[in-house]
């Protein structure tokens with residue numbers, strides 16, 4: 001497995017869904033850029049006009065708790081006094097204009113590729129969901145003159161639901 005592929009897989013794992021949007025949290029982006037979270041947030045605050053609500057938003061305490069229970073990492077979460085910022089794909093793209101280092105540009109390209117990969121994976125998942133829904137809405141098969149729904153309850157009528165002793 002190549003170095004770039006490993007990097008891409010690592011970034012894909014950092015993408016989480018919050019409020020129905022795929023996002024990367026500020027401390028994960030800072031680690032990828034090799035800057036402190038404080039420096040990243042300060043750069044964003046200096047350019048706040050470039051980051052509307054659909055580009056980034058602050059997590060609520062409940063969202064943070066939910067993420068902590070889903071993601072098992074210890075070092076990223078500690079020592080913070082403020083709630084983290086979540087950056088959407090567009091917010092990450094805008095970060096490249098705020099953080100102008102070569103590393104930031106390279107990392108941004110990798111992050112954008114990771115978002116595309118996640119989108120492809122989810123579109124395959126959506127296709128599967130669509131096919132399952134189509135199967136659910138098919139007419140029920142008939143066995144003789146009875147439908148499957150009418151047979152099952154009739155078979156269960158003679159059964160005693162209490163467990164055998």
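Derivation of every value follows stated rules applied to the coordinates shown; laboratory data play no part. Worth saying up front: this structure is predicted, and the values here are computed from it rather than measured. Glycine also receives a Cβ, built like all others from the backbone with ideal geometry; neighbour counts cover every protein chain displayed.
Here are the numbers:
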| quantity | calculated |
| --- | --- |
| Relative contact order %, region 3-136, counting alpha carbon pairs below 8 Å whose residues are six or more apart | 33 |
| Förster radius 22 Å - calculated FRET efficiency between residue 82 and residue 22 (Cβ-Cβ, nearest 0.05) | 0.45 |
| Neighbour-count order for 48, 16, 23, fewest beta carbons within 10 angstrom listed first | 48, 16, 23 |
| Approximate spin-label separation residue 43-residue 117, in nm, with each point projected 7 Å along Cα-to-Cβ | 2.2 |
| Where labels lie 7 Å past Cα in the beta-carbon direction, separation of residue 62 and residue 134 in nm | 3.7 |
